[in-house]
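First comes the structure, then the notes that go with it.
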Amino acid sequence: MRKFIPNIIFTAILIAFVIQDHKERESEALTPATDQLAPATYRGMFPAADCPGIDYTLTLNDSIADADTLFALRMVYIEGDNNGGDITFDSRGQQHRFGIGAKRGYRLMPDDGDVVTYFAIVNDTTLQMVDSTLTKIDSPFNYDLVRINQ
């Protein structure tokens with residue numbers, strides 16, 4: 001019987017480590033977010049390669065029980081056409097609040113099948129364009145949108 005006690009203790013410790021590892025991995029998984037920063041409109045100027053910048057205006061609608069809801073995004077390419085005029089693109093689609101670990105953000109899925117865009121929640125008034133893991137874009141340029149209404 002005494003020979004089995006060390007084996008039982010070793011097995012119990014091993015099981016405890018496996019359970020702890022599972023809990024840590026589970027907390028890093030994609031989870032619904034509890035932060036609520038919508039309805040609201042956010043605005044900011046992003047860099048562009050072929051014009052002075054892109055004026056982003058993003059309107060997020062109210063989320064209902066973590067269900068996907070709608071967003072509207074207007075991107076104005078400042079002096080983007082050949083004659084120095086602005087070019088405007090409007091996009092609409094579903095927004096989804098989500099989290100990865102302690103990070104919270106929005107995934108914007110355009111209805112037209114265009115590229116999915118991600119914004120991390122920086123604070124109560126700022127969203128930041130990020131990658132799909134809610135990690136900041138490695139760039140010296142500004143990718144922040146600031147809330148313009150309450």
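The numbers here are math on the coordinates, done by the rules we state, and not lab data. Since we're looking at a predicted model, the values are computed, not measured. Note that each Cβ is placed from the backbone with ideal geometry, even for glycine, and that neighbours are counted across all protein chains shown.
Observations on the structure shown:
- Scanning region 80-93 for residues that are surrounded by 15 or more Cβ atoms within 10 Å (Cβ to Cβ) and either out of contact with any Leu (no Cβ under 9 Å at 6 or more places or on another chain) or touching a residue at least 24 places away in the same chain (Cβ under 8 Å) (or both) yields one hit, Gly80.
- Counted residues, region 99-145 - those being touching a helix residue (DSSP H, G or I) at 6+ places or on another chain (Cβ under 8 Å) and among the aromatic types (Phe, Trp, Tyr): 0
- One residue stands out in region 103-122 among those that are in contact with a His (Cβ under 8 Å, 6 or more places away or on another chain) and surrounded by fewer than 20 Cβ atoms within 10 Å (Cβ to Cβ): the one that is farthest from Leu145 (Cα to Cα), namely Met109.
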